[in-house]
């Protein structure tokens, strides 16, 4: 088809000047609109669903200008990007693998665009190095969105994940994956083993074996590389991405075209405006007249709008180094891209994760609020404590001493992948995700002094001291709006604590005056951020209380049973906690938020404790 199309000026208006490459969507050309001297990218679509343009909204995607039906082919018209494609880079540096930071920079930009596309209900279904373009003004741009198709089901998105994994595989190994793909480490020993296994999982022939989303795939790559997503370099603005940067700096742009007459605006072609415009008698291609009223203005407007909207890739804000002062760091703020906020669930929420003592070790278990689907999710010869869900419910973070001291670990529930987040910083426990999923606050005893508040990025990078209190801190929890961190700190008496709040922006710390005696080391926020669940009372006779933060007023929710470690359901209607009321056997119980409708959830001769609800 290449020779045939290059020998024609289509519709009397579009001259195909150069064949660029074949893509999964069809052959890709550079063309000139002879009516207004504008360069276009034109794809002769192999499969087309008609003349309807998908409505894609994301700055990384080139806008689709029109889909035209011609006697020769169905054409997708897009603005031309005067810059190298990723395929051009691969051909410019034959046999040279991309570095891991440069590869992850592409993974970051492309996965964010694909994730947005999937949320809008579309599948790109044509991602390849030829569709990835670099431009000095706009950064990374993706073409082909005008040829995408609606997602039939969420599982369809695994097709784009496979294409992204194939692209990254080729960057790292300089070979496209075969069927079956070879271990990337066999082709490039610099690829980390864990990252190689993640790539192969995304390339699995079974879509169900791939990751739940391209976002989860990208974040798993970051975890494997021990890289913070926020700290990844820009595509061509850093010494970490030399191939992209140097290629763009030496790129020779095409000379500007000479316009013989005033530009004619271009508007997207639809069935409605074709019939409204009317076609001359005996003319087989009515689109030519329509395009005479439309080509130039929309092309220029689309390009300038695109360039004005695209922002540079975010960079990580680094905290000051730890110091033993009241508050040693200000938490960075960034636009959430990691996970969506939790959505409302059924009346008593989704799954409940908890610590379960099984044999000689403490493990992690999970159960539904109605008592169904109990499962033990760890079985290691080590102690695992303090499990809690990440926003969105797809991951767990917990503390374990499987490698000696207690460190934080992240478990991806869909894939079973486990990553160590902290290492050699002390004994870390009681983690809590920030609401946007970017950071984790936790308690850590780094030396012989008291346990302090620490924070780390979600991939385990940049762990640092946040607050060095006067006494031992045993629990921390981020508020639902992200503005405060509640924590329990010793007041100098054994096993007795008080509740404190740290303001994230001002670094101010204040004690919540409760009037309660014997407060234990566990707390949880209500979804509206107005209350905390705590437990307090005499030793061996603790009860659950709802503590109003502003006033310090406390309402008792249980009566007897020696109860502790309460947590709210996502809608705030229910509370789960552990209790020794059943023959001194530690089990989980559920009750309404006002203490009514109490019912037992687990019944195991070994202890079940520290429950936390799925968002």
Of residues in region 521-554 being part of a loop (DSSP other than H, G, I, E, B) and buried (at least 23 other Cβ atoms within 10 Å of the Cβ), the one nearest to the chain's Cα centre (by Cα): 523
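Given the criteria within 18 Å of residue 143 (Cα to Cα), assigned to a strand (DSSP E or B) and either under 40 Å from the mean Cα position of the chain (by Cα) or modelled with pLDDT of 85 or more (or both), does residue 18 qualify?
Here the answer is yes, as residue 18 does meet what is asked.
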Need a quick list: strands (runs of 3 or more DSSP E) entirely within region 372-488 having at least 2 residues that are surrounded by 20 or more Cβ atoms within 10 Å (Cβ to Cβ). 384-389, 395-400, 407-412, 427-433, 439-445, 452-457, 464-467, 473-478
Would a scan of region 473-480 turn up a residue that is more than 32 Å from the chain's Cα centre (by Cα), assigned by TED's automatic domain parsing to the domain that holds residue 452 and at pLDDT below 95? no
If you go through region 384-395 one residue at a time, do you hit one that is within 17 Å of the chain's Cα centre (by Cα), in the same structural domain as residue 502 (by TED's automatic domain parsing), at pLDDT 90 or above and closer than 24 Å to residue 194 by Cβ? yes
Considering region 153-178, residues that are in contact (Cβ under 8 Å) with a residue 24 or more places away in the chain and not in a helix (DSSP H, G or I), and then whichever is surrounded by the most Cβ atoms within 10 Å (Cβ to Cβ), we arrive at 177
Residues (in contact with a helix residue (DSSP H, G or I) (Cβ under 6 Å, 6 or more places away or on another chain) and part of a strand (DSSP E or B)) located in region 142-152: 142
Taking region 561-592, which residues are without any contact (Cβ under 8 Å) to a residue 60 or more places away in the chain, under 15 Å from residue 531 (Cβ atoms) and surrounded by fewer than 18 Cβ atoms within 10 Å (Cβ to Cβ)? 572, 592
Being modelled with pLDDT under 90 and either closer than 17 Å to residue 29 by Cβ or touching a strand residue (DSSP E or B) at 6+ places or on another chain (Cβ under 9 Å) (or both) is true for just one of 130, 72, 78. Which residue is that? 72
Region 47-63: number of residues that are at pLDDT 85 or above and in a loop (DSSP other than H, G, I, E, B): 3
Which condition number in (1) in a strand (DSSP E or B); (2) more than 26 Å from residue 216 (Cβ to Cβ); (3) modelled with pLDDT under 95 is the one that residue 516 fails? (1)
Inside region 81-108, can you point out the residues that are in contact (Cβ under 8 Å) with a residue 12 or more places away in the chain and out of contact with any helix residue (DSSP H, G or I) (no Cβ under 9 Å at 6 or more places or on another chain)? 81, 82, 94, 95
All but one of (1) in contact with a helix residue (DSSP H, G or I) (Cβ under 6 Å, 6 or more places away or on another chain); (2) in a helix (DSSP H, G or I); (3) closer than 20 Å to residue 155 by Cβ hold for residue 196; which doesn't? (3)
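The values are calculated or read from the model by the stated rules, or taken from the named source; none is laboratory data. Quick caveat: nothing in here was measured; it's all calculated off a predicted structure. Counting neighbours? That spans all protein chains shown, and the Cβs are built from the backbone with ideal geometry, glycine included.
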